[in-house]
Amino acid sequence: MNVILFGPPAAGKGTQAKRLVETRGMIQLSTGDMLREAIASGSELGRECQAIMSRGDLVPDAVVIALIEAQLKAAEDAGGAIFDGFPRTLAQAESLDAMLAKLGKQIDHVIRLKVDDEALLSRVASRFADQGRPDDNPDSFKVRLDAYNRNTAPLLPYYADKGLLTEVDGMSSIEAVSGAIDTALAKDRLTIA
Ligand code: ADP
């Protein structure tokens, strides 16, 4: 099963993805984590992306598509993936569909976590205080939220039109969000031939 966790920065995608890994043995493909690993390793890719990420801007489509492509076959062999933070643009969504189609697979569910901006701001302020992630500073976070609204939110109709989208209230407790995701994933999707 292939699932996209969709939502603005700090909506709780990473938390829920990790829970699905623990409870279902699914594989998490987080482009944000992959990019942070590239930065930590000091690779050329990491050096190229570091400034873009700490500003809060999106890295180029080709970079993240290549990162996902490198892991997709292994994820499919393991039974599917939870995509966390990918796709973030229409070009990424179309590439993902094409890459999966080559493997005879598709996206089965898109879960949108809905959280209002005020709650996102307060979550990210406490994460910044706890973890000091450079792109959680208030200026970068505003850029990230703008990038989400401009580039990523417009993907919602793309997946709604395919009948794949379920909206979940991301303002409730972690457990309640997990329960709503489990309910959504239990629903069968009709395949339109
Ligand atoms: P969050 O979901 O909390 O915003 P992520 O860890 O997913 O954070 O991503 C952090 C940063 O990594 C983004 O702001 C962006 O610079 C870069 N990034 C991650 N995934 C993508 C993507 N699919 N396309 C472009 N940039 C990305």
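Here are some notes:
- The stretch 2-186 - percent of accessible surface contributed by carbon and sulfur, probe 1.4 Å: 53 percent
- Relative contact order (%) - criterion: Cα under 8 Å, at least six apart; region: the chain: 32 percent
- Nearest-0.05 FRET efficiency for LEU103 and SER54, computed from C-beta distance (R0 35 Å): 0.55
- Gaussian network model of the chain, springs between alpha carbon atoms under 10 Å - residue of ILE27, ILE52, ILE82 with greatest fluctuation: ILE52
- Mean Cα-pair separation over length for the stretch 28-89, i.e. relative contact order, pairs under 8 Å, 6 or more apart, %: 51 percent
- Counting only heavy atoms of the protein chains and using a 1.4 Å probe, MET99 has close to 20 Å² of accessible surface.
- When you work out D = kT/(6 pi eta Rh) for the chain at 10 °C and 1.306 mPa s, using the Kirkwood radius from C-alpha pairs as Rh and the Stokes-Einstein form, the result is 93 µm²/s.
- Restraint check, LYS13/LYS162; LYS105/LYS142; LYS13/LYS105; LYS73/LYS114; LYS142/LYS187; LYS73/LYS142, Cα-Cα greater than 27 Å: LYS105/LYS142; LYS73/LYS114; LYS142/LYS187; LYS73/LYS142
- Semi-axis lengths, largest first, of the ellipsoid equivalent to the stretch 106-193 are 29, 17, 10 Å, with √(5λ) applied to each eigenvalue of the Cα gyration tensor.
- Protein-only accessible surface order, largest first, of ASP108, ASP161 at 1.4 Å: ASP161, ASP108
- With contributions of -39500 (n - 2.57) from each DSSP H run of at least four residues, the per-residue ellipticity at 222 nm computed over the chain stands at -17500 deg cm²/dmol.
- Most mobile of GLY179, GLY170, GLY56 in a GNM of the chain (Cα contacts under 10 Å): GLY179
- Quotient of C-alpha Rg and 2.2 N^0.38 Å, computed over the stretch 40-99: 1.21
- Label-point gap, in nm, between LYS18 and SER172 - each point 7 angstrom along Cα→Cβ: 2.2 nm
- Accessible surface of SER41 - all protein chains present, 1.4 Å probe, nearest 10 Å²: 80 Å²
- Summed over the residues of the chain and divided among them, the accessible surface reaches 50 Å² per residue at a probe radius of 1.4 Å.
The values are calculated or read from the model by the stated rules, or taken from the named source; none is laboratory data. What you see is a predicted model; the values in this text were computed from it and never measured. With ideal geometry, Cβ positions are generated from the backbone for all residues, glycine too; neighbour counts draw on all protein chains shown. Ligands, DNA and RNA are stripped out before the accessible areas are found, and what is left, the full protein with its side chains, is counted by its heavy atoms. Shrake-Rupley method; radii C 1.70, N 1.55, O 1.52, S 1.80 Å.
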